[in-house]
Ligand SMILES: Cc1ncc(COP(=O)(O)O)c(C=O)c1O
């Protein structure tokens, strides 16, 4: 009910969601053990459930999406290997360069029309083995795509790219931090969205509302090796079933309601599209992220804040708005009203 009170409407990210009461109860009751000894039954249950939902053999609970992505890179790549990736990917912009500084991988941005590398885009970018060049190793996909406004890509797109990668001798990692948003928006199973990839990570701590955690999934052999790398980066955790318990509630109870966030994001985009000085394409709003173009994004964000609406400037002309469990219909109305006032006079208010 947080969105119903007249506190701030926080559209900065779905990561601000608070754990539910059922999560807190499950955390309090969780049966735990030393997970580095493989003795935490709640973690084992979470890893098995995530793997099943993603159509993979095994899973590995990680502290964050960034850690899961880093562990995936360490597992797939040796130092100097090339990772083919859309230049707008989260791993390129927001993971502190860990793929390069810690895994030694070369992130190789590939020009892409919509952010999900096609077979043609990939084939044009990849080179044959050559001692002068980084060794082609991994293709990196993201679904939904954060910086491209939460775009959801259907299973056939991933499968075609995975098949092309296979022909080129490359592996595929899917950053599915918001894969369940894509699953709900497209009406397909998350497992279908991960078909053909070698590894996939999903976050529990975004729209699904768990306080912490992501699960990295793949073959048994991949996860066994990833477990070593997780330990190496300090991610071996002990009685961590207290956190996995919230993750289990997230996967069991919080997926279907993501449709509400998508409906509100669409409503927000449609209302904002009517305002002068704001450019947004509601048809590009597939899930819970809305990208809005304005003049002077930071000034508009400052002006929105004065009116109790929190948002993030992604660049000089782009604002990102993310709907989640604590933004209700009234929150959407308040955001539209605040935008209407802010774009009218951002300079004066900021
Ligand atoms: C697409 C994507 N990948 C990875 C991450 C990283 O997750 P975390 O914040 O848990 O490290 C995020 C976080 O927003 C994300 O949007």
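Coordinate-derived values only; no laboratory data. Computed from a predicted model, the values in this text were never measured in an experiment. Positions of Cβ are backbone-derived with ideal geometry, glycine not excepted, and every protein chain shown enters the neighbour counts.
Here are some notes:
- Short-range pairs are left out: with C-alpha atoms under 8 Å and at least six residues apart, the relative contact order of the range 1-150 is 19 percent.
- Kirkwood-based shape ratio for the range 136-209, expressed as Rg/Rh from alpha carbons: 0.97
- For the pair the range 185-228 / the range 55-130, the C-alpha centres are spaced 15 Å from each other.
- Segment residue 257-residue 233, length gained on full extension (0.36 nm per residue, minus Cα span): 5.2 nm
- P(r) tail fraction, the chain - alpha-carbon pairs more than 35 Å apart, %: 24
- If you take the alpha carbon atoms of the range 231-287 and fit the smallest convex hull around them, that volume is 142 Å³ per residue.
- Value of relative contact order over the chain, rounded to a whole percent, pairs C-alpha under 8 Å and six or more apart: 25
- Neighbour-count ranking [beta-carbon atoms within 10 angstrom, fewest first] of 35, 281, 192: 281, 192, 35
- Expressed as a fraction of 2.2 N^0.38 Å, the C-alpha radius of gyration for the range 194-297 is 1.47.
- Highest mean packing comes first when the peptides 245-257, 68-80 are listed by Cβ atoms within 10 Å, giving 68-80, 245-257.
- Rounded tilt (10° steps) of 241-253 against the dominant C-alpha axis of the chain: 60
- Reference-scaled alpha-carbon Rg (2.2 N^0.38 Å with N residues) for the range 1-111: 1.39
- Look at 17, 42 and count the other Cβ atoms within 10 Å of each Cβ; fewest to most, that gives 17, 42.
- For the chain, the longest principal axis of the alpha carbon atoms and the long axis of helix 155-167 meet at an angle near 40°.
- Share, in percent, of DSSP beta bridges within the range 168-314 that are antiparallel, nearest 5: 60
- Rounded to the nearest 10 degrees, the angle from helix 65-76 to the longest Cα principal axis of the chain is 30 degrees.
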